[in-house]
Amino acid sequence: MTVSNDDELAALKRIGRIVADALETMGRAIEPGMTTRDLDAVGRAVLDAAGARPAPELAYNFPGATCISVNEEVAHGIPGDRRIRPGDLVNIDVSAEKDGYFADTGASFAVPPVTRAVARLCRDGRRALWAGLREVGTDRPLAGIGRAVGAFAKKNGYTLVRNLASHGVGLSLHEEPKEIATWPDASERRIMAEGLVFTVEPFLSLGADFAEDGDDPWTLYSRPRAPTVQYEHTVVATRAGPLVLTMPG
């Protein structure tokens, strides 16, 4: 969507804060021995208390309030009986709707003990996200996001998963502009309009460059198998640069 008035922006900020708070609460709650279903329940409780509805359930009948992906699972993991273990890399993706507006956020969390390589990957996943976010602004090229993230990844010795893209959001979970590359894409010609609402969500990896289907209809796996992180914000393009909606309170 494109924000056209202050009421729309206020509504987007509300749902952005809610999903950010859910993500932060879930990150703090991670403990070895808990199941991903237990962790999902933590996020659902935050959304319920705020009067928000989980977007994956609402939009796609996904079997969970949030997507929780562990280790080789790179995205869209189904909350279930898998137990979180020391040393796991856990990605949480939270999206929700309130009053007709949607926001989407995500982050990866390393469960101690953490190897030096994984600790660096998590740190640099955040840095890659912000490399992309700094390219957001009115009348700027969408391709600038992928170029910046790609330059960061190349400089620091990482790969990028190149078939999981950013997307428009706001009045639905996935809307135009669709398939916003967070890797260099020479074919991208679109320009950010004032007030454009979308996600920035690079998948930074220690070797994977593709996400492939698994045994269930949802979970995607890194190919080749390699530690991979995703960090995501919902953002509005403005003349002053990026307005990030999904910061916790």
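For this structure, a couple of remarks:
- Within the straight-line cut-off of under 14 Å between alpha carbons, the aspartates and glutamates reachable from Lys154 are Asp124, Asp209, sequence neighbours fewer than 8 places apart in one chain being disregarded.
- Overall dimensions of the chain as given by Cα atoms, namely Rg and Dmax in Å: 16.8, 48
- Lys, Arg +1 and Asp, Glu -1 on Cβ, resulting dipole of segment 6-244 about Cα centre, debye, nearest 20: 1040
- Net charge contributed by nearby residues that have their C-beta within less than 12 Å of Thr246 (K/R +1, D/E -1): -3
- Cleavage-rule hits (trypsin sites (Lys or Arg not before Pro)) in segment 82-137: DSSP loop, at most 14 neighbouring Cβ within 10 angstrom: Arg134
- Extreme residue, positive dipole direction of the chain, given options Asn71, Leu204, Val114 (C-beta unit charges): Val114
- Rg and Dmax of segment 66-119, Cα atoms only, in Å: 13.2, 43
- Directionally averaged projected area (convex hull, Cα atoms, segment 1-70), nm²: 5.5
- Cα-Cα separations in segment 139-201 greater than 12 Å, expressed as whole percent: 67
- Applying the criteria of a DSSP loop state and at most 13 other Cβ atoms within 10 Å to the trypsin sites (Lys or Arg not before Pro) of segment 177-214 yields Arg189, Arg190.
- Computed from the C-beta positions of Ala45 and Arg85 and an R0 of 30 Å, the FRET efficiency is 0.80 to the nearest 0.05.
- Calculated P(r) of segment 100-221 - Cα pairs past 16 Å, %: 64
- Each Lys and Arg Cβ is given +1 and each Asp and Glu Cβ -1; about its Cα centre, segment 130-182 then shows a dipole of about 360 debye.
- Under a model in which nothing but the beta-carbon of Lys, Arg (+1) and Asp, Glu (-1) is charged, segment 40-148 shows a dipole of about 580 debye around its Cα centre.
Rule-based calculations on the coordinates, nothing more; no lab input. Computed from a prediction, not measured in an experiment: that's the story for all the values here. Neighbour counts run over all protein chains shown; Cβ positions are idealised from the backbone, glycine included.
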